[in-house]
Amino acid sequence: MYPTALTQLARSNLFSSPLFNIQKVEEPKQSLHGQRTRTLAAAATSDDVVFGSSKYYALCGFGGILSCGLTHTVMVPLDLVKCRLQVDPEKFKSIGNGFRLTVKEDGVRGLAKGWAPTFIGYSMQGLCKFGFYEVFKVFYSDLLGEENTYLWRTSLYLAASASAEFFADIALAPMEAVKVRIQTKPGYANTLRECVPKMYAEEGVWAFYKGVVPLWMRQIPYTMMKFSCFERTVELLYKHAVPKPRSECTKSEQLVVTFVAGYIAGVFCAIVSHPADSVVSVLNKESGSTATQVLKKLGPKGVWKGLVARIIMIGTLTALQWFIYDSVKVYFRLPRPAPPEMPESLKKKLGLTE
C-alpha cells in the first residue's frame, strides 16, 4: 500500500507529476478490429459520432476554426491598439489614448485594419490547435494506459497542447506577419491584397515566416496554459463549486462552467505569453531585426507594455473560444468527456477501496 500522504499530494498538485510510479500497467485491450481501445479515462460515446474517429477530429477542427477565427476577428480593434502600444509606446501611451489617436488618424474604419489576415490566420490556427490537441491527447493517452493517463493527466494536457500548437503556429505565421505589418506600419498597406505582394517583393517568403520562432515562444506556453489550466479548472469547478454532478447539469449550465473556466485560463495565458507577444509585434514591424535584438531594445519593462489590454483581450477571447468550441460539440452531438475520475483498478492498488 502506498503512503496516504503521497497519494493525497499526487491528487491535489495540479502542475507536477506524481511522486511515485505504478509498476504494473495493464496493456490496453484490443478491439474487434485489432485497434487499441481508447484509454482516456473520461472517454465517452455518442449515437452520432464515435470518440476518436476521423469525423470526430474533423468536427473538432471545425469548432476550432469558428472559435479562433471569429473571436480574434471581433477583437481586432483592441488587438490593433495593443500592438501599437507595444511598438510605439511614446505615441500610444494607454488603451484609451490608443483608441482616440487611431480614430483621429484613420477614422473609425481604421480600427478594423488587419481583419482579413486575422480571420484567415487564426481560423487556420484554430483548426490545427483544437483538432491536433484532440488527436495528440488520445495518442499520448494510448501510450500511457488508463491508470497513468489519470495520474499524469496534467502532463498529458501540456504535451498534447504543445504538440498541437507547434503545427498551429506554422499555419498562423504568414497571416500574423501581414496583420502586424498592416496595423503597426502606417502607410505601408491597408488591405491583405495590397500587403502580401509588397512583403513578398521586399523580403521574399522569409517575410511571412521570420516570426515563427517568436510565435512558438509566445503561443506554445500560452496554449499549454490555456488547455491544461482549462481542463483542471473545469475539474475543480465541478468538484468544489458546482452543487451537483456534471451528469445532472443541463447543457446550458455546463456551457456556463466552460465559459468561467475559459476566462480563468485566459488571464494566466495572457501573463505567460505577453513578453513574447511584444517581441512578435515589434519584429513584424521592423525589417531586418532579430528576436534577440528586439528583446534587448525593449528591455525588462518594455516587454510588459500593453499587458492590461492583452489580459482583457485574451481573457475574453479564451472564454469565448472554449464556449464556442464546446457549443459546436453540443450542436453536432460529439462525445464530451466528463472530468476524469480515478480508475477503480488504481483505487485498489492505492488501497482507497476495499
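Test of the criteria: in segment 40-142, which GluC sites (Glu not before Pro) are in a DSSP loop and have at most 12 other Cβ atoms within 10 angstrom of their Cβ?
On the way: sites: E90, E105, E134; in loops: E90.
Here the GluC sites (Glu not before Pro) that fit, given the DSSP loop and packing criteria, are E90.
Compare the peptides 117-129, 307-319 by average per-residue count of other Cβ atoms within 10 angstrom and give them in order, highest first. Numbers along the way, then the final one.
Numbers: 117-129: 24.5, 307-319: 21.1.
Sorting 117-129, 307-319 by mean packing, highest first, produces 117-129, 307-319.
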Self-check item: Cα centroid of segment 204-258 to Cα centroid of segment 142-166, whole Å
Solution: 14 Å
Quiz item: With each pseudo-label sitting 7 Å past Cα toward Cβ, what's the K347-W206 distance in nm, one decimal?
Solution: 6.1 nm
Quiz item: For E253, what is the net charge nearby, where nearby means another residue's Cβ is under 14 Å from its Cβ and Lys, Arg count +1, Asp, Glu -1?
Solution: +2
Quiz item: Going by alpha carbons, how many degrees (0 to 90, nearest 10) lie between the helix axis of 212-236 and the longest principal axis of the chain?
Solution: 40 degrees
Practice problem: Specify the angular offset, from 0 to 90 degrees and rounded to the nearest 10, of the alpha carbon long axis of helix 54-74 from the longest principal axis of the alpha carbons in the chain. | Solution: 40 degrees
Self-check item: Radius ratio Rg over Rh of segment 127-167, counting only Cα atoms, Kirkwood formula for Rh
Solution: 0.98
Self-check item: Listed residues A338, A164, A173, most fluctuating in the chain (Gaussian network, C-alpha, under 10 Å)
Solution: A338
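So what's the back-of-envelope 222 nm ellipticity for the chain, counting only DSSP H runs of four-plus at -39500 (n - 2.57) apiece and dividing by all residues, rounded to 500? If you can, show how the numbers build up before the last one.
Working: 14 runs with 241 residues, N = 354.
Mean residue ellipticity at 222 nm (helix-derived): -23000 deg cm²/dmol.
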Exercise. Using only the alpha carbons, work out the radius of gyration and Dmax of segment 238-285 in angstrom.
Key: 17.0, 51
Quiz item: In degrees between 0 and 90, to the nearest 10, how far off the longest principal axis of the chain does helix 291-302 point, with axes built from Cα atoms?
Solution: 90 degrees
Self-check item: 17 Å cut-off, amide nitrogen to a point 7 angstrom out along K239 Cα→Cβ, residues in segment 128-169
Solution: 147-158
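Sorted by average packing, counted as other Cβ atoms within 10 angstrom per residue and highest first, what order do 65-75, 234-244 take? Walk me through the intermediate numbers first.
On the way: 65-75: 21.2, 234-244: 14.3.
Going by the mean number of other Cβ atoms within 10 Å, highest first, we get 65-75, 234-244.
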Self-check item: Distance histogram for segment 76-201 (every C-alpha pair counted, 10 angstrom bins, percent rounded to whole numbers)
Solution: 13, 31, 24, 17, 11, 3
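Rounded to a whole number, what is D in µm²/s for segment 167-269 from Stokes-Einstein with the Kirkwood radius over alpha-carbon pairs (10 °C, 1.306 mPa s)? Numbers along the way, then the final one.
Values: Rh = 16.5 Å.
Answer, rounded: 96 µm²/s.
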Quiz item: Can you tell me the Rg and the Dmax, both Å, for the Cα atoms in segment 136-216?
Solution: 18.8, 58
Quiz item: Remind me, relative contact order of the chain in percent, using alpha carbon pairs under 8 angstrom and six or more residues apart?
Solution: 25 percent
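Sort the following peptides by mean Cβ neighbour count (other Cβ atoms within 10 Å, averaged over residues), highest first: 203-212, 220-229. Before the final figure, lay out the partial values.
Values: 203-212: 15.9, 220-229: 23.4.
Ranking the peptides 203-212, 220-229 by packing returns 220-229, 203-212.
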Quiz item: Per the Kirkwood definition applied to all pairs of different Cα atoms, how many angstroms is the hydrodynamic radius of segment 266-320?
Solution: 11.6 Å
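Cβ under 14 Å from V213's Cβ, V213 left aside: what net charge do those residues give with Lys, Arg +1 and Asp, Glu -1? Don't skip to the answer; put the middle values down first.
Numbers: positive: K210, R218; negative: E165, D169, E176, D277.
Overall, the nearby charge balance is -2.
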Quiz item: Contour minus end-to-end for D48 and S289, with contour as 0.36 nm per residue of separation and end-to-end as the Cα-Cα distance?
Solution: 81.6 nm
Exercise. Could you grab the relative contact order for segment 97-169? Cα pairs under 8 Å, six or more apart, rounded to a whole percent.
Key: 36 percent
Exercise. Provide Rg and Dmax in Å for the chain, with only Cα atoms included in the calculation.
Key: 22.2, 73
Quiz item: Relative to the Cα centre, what is the charge dipole magnitude of the chain, using +1 at the beta carbon of each Lys and Arg, -1 at the beta carbon of each Asp and Glu, and rounding to the nearest 20 debye?
Solution: 840 debye
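If I compute solvent accessible area with a 1.4 Å probe over the protein chains, what percent of it on segment 233-288 is carbon and sulfur? Mind dumping the intermediate values first?
Working: 1640 of 2510 Å².
Roughly 65 percent, rounded to a whole number.
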Quiz item: Using a Gaussian network for the chain with springs between C-alpha atoms less than 10 Å apart, which of these wobbles most: N190, N97, N148?
Solution: N97
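The values are calculated or read from the model by the stated rules, or taken from the named source; none is laboratory data. Quantities reported herein were computed from a predicted structural model and do not represent experimental measurements. Please note: Cβ atoms are built from the backbone with ideal geometry, for glycine as well, and neighbour counts cover all protein chains shown. For accessibility, only protein heavy atoms count, side chains too; no ligands or nucleic acids. Shrake-Rupley method; radii C 1.70, N 1.55, O 1.52, S 1.80 Å.
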